[in-house]
1. Out of the residues in segment 226-237 meeting the condition of being part of a helix (DSSP H, G or I) and more than 16 Å from the ligand (Cβ to nearest atom), tell me which one is nearest to residue 43 (Cα to Cα).
2. Is one or more of the residues making up segment 271-292 over 25 Å from residue 229 (Cβ atoms) and part of a strand (DSSP E or B)?
3. Please work out if residue 214 is away from the ligand (no atom under 16 Å from the Cβ), acidic (Asp, Glu) and either over 17 Å from the mean Cα position of the chain (by Cα) or surrounded by fewer than 24 Cβ atoms within 10 Å (Cβ to Cβ) (or both).
4. From the list 6, 71, exactly one residue is within 16 Å of the ligand (Cβ to nearest atom) and crowded, with 16+ Cβ neighbours inside 10 Å. Which is it?
5. Considering only segment 96-152, how many residues are under 29 Å from the mean Cα position of the chain (by Cα) and farther than 20 Å from residue 173 by Cβ?
6. May I ask you to say which residue of 376, 345 is loosely packed, with under 15 Cβ neighbours inside 10 Å, modelled with pLDDT under 90 and hydroxyl-bearing (Ser, Thr, Tyr)?
7. If residue 88 satisfies every condition in (1) within 12 Å of the ligand (Cβ to nearest atom); (2) buried (at least 20 other Cβ atoms within 10 Å of the Cβ); (3) more than 17 Å from residue 4 (Cβ to Cβ) but one, which is the exception?
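The values are calculated or read from the model by the stated rules, or taken from the named source; none is laboratory data. The model shown is predicted, which means the values in this text are computed figures rather than measured ones. When we count neighbours, we look across all protein chains shown, and the Cβ atoms used for this are built from the backbone with ideal geometry, even at glycine.
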Amino acid sequence: MARVIVDDLTKEYNSPGGSILAVDELNLEIDDGEFVVFVGPSGCGKSTTLRCIAGLETVTDGTLHFGDEDVTDQKPKERNIAMVFQNYALYPHMTSRENMAFGLKMSTDLSKDVIDERVEDTAEMMGIKELLADKPKALSGGQQQRVALGRAIVRDPEVFLMDEPLSNLDAKLRAQMRTELQQLQSELDVTTVYVTHDQTEAMTMGDRIVVLNDGKLQQVGTPLECYHRPANRFVAGFLGSPPMNFLEVDVDLESGTLSNSAFSLPIPESAVDDVSGSKLTLGIRPEHVSLVDAVETHAEPDHLIETEVTVTEPMGDITNVYLDVGGESLTVTSDDRLGVRGGDTVHIHVPAAKIHLFDAESGEAIKHSDEPIDSTRIAEASGHAETA
Ligand code: ADP
């Protein structure tokens, strides 16, 4: 097992259209045994970073260390890693047993008996013993991915690198494999870097997530830390479904208000000292806004806004209500059975404590919601959490 240290990693591709900066001075420390998820939109540099860690790409600049060892210029086979890809990449003419044994045969001096034993033990642990004699075409997608995982695990690597390993599976199986993979990773305690564009996988699987955009690190933190204390508007908008609502507001320090054409809200007390300039972006999560019945007796009357319902979307357990606030769209999720429908005028409550504020130009966070997050995990994470 190993810590993985990424120092100022930069990767530029030369393409006919000019150079592409896929990864831009990325700094990151992944702890021994940690499960870290790289997440971000397509093209943000997740796979390139992973491939650099694997040694499948040469780096343009920067260094990579596994523990104290500088692996920057090492070939993939010199690095003690195992990779799992989206498309399984099993050899079609080999049985599961042969697929799992192949890497060990090629890259170690282990005897056939030892290899057999390791394959058997791993297959047992993963519940795929009955598949050992089958070739890939006889297996379902989920079974193939289990064999591919088994092939990675049997090598007993220092670092697992996984690139969207579950994206070829249907939704139900993906959810099941998500849980299995987490359990497996925690049992094996092997440093794992997992790439996904799926924020649900990122939120549910990682000890910490690394949010990337446009080749640049946006935030490193526990899932809840990134969700409730997003470093900037990008992270705030990327994590969460439906996503955080953003409203552009004018700041009036004299009257102490944030306003647009549809409302005027007091600047939250906790943010008064940090607010400057004339424009900000107000962020509020759909689950933090509520529809209000008793307007007159409400505890926070300054924080009510009159809006019109555009459309409602009953999801079964919750209902998404889409509203028009001065020409901007705002979503509310509610677990109440709501009797509202398109065209209704309703009052919503935007609690001061749940408001996020972002610099209107840079998108940097100025104020977060006061939503509690697990403090022990934050304390652990803050040792290496970086924001950019
Ligand atoms: P992600 O995994 O987040 O979807 P990638 O790391 O695959 O993103 O890609 C990052 C950027 O680098 C994208 O603009 C992509 O088009 C570009 N890129 C990736 N691989 C190559 C390559 N082999 N040659 C040229 N450009 C590439």
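1. The selected residue is 237.
2. yes
3. Criteria not met by residue 214.
4. On inspection, the qualifying residue turns out to be 6.
5. Adding up the residues that qualify gives 1.
6. Every option except 376 fails the conditions.
7. Result: residue 88 passes all but (1).
For (1) free of Cβ contacts under 8 Å to residues at least 40 places away in the same chain; (2) away from the ligand (no atom under 13 Å from the Cβ), each residue gets a yes or a no:
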| site | (1), (2) |
| --- | --- |
| 178 | yes, yes |
| 182 | no, yes |
| 185 | no, yes |
| 192 | no, yes |
| 198 | no, no |
| 203 | yes, yes |
| 209 | no, yes |
| 219 | no, yes |
| 224 | no, yes |
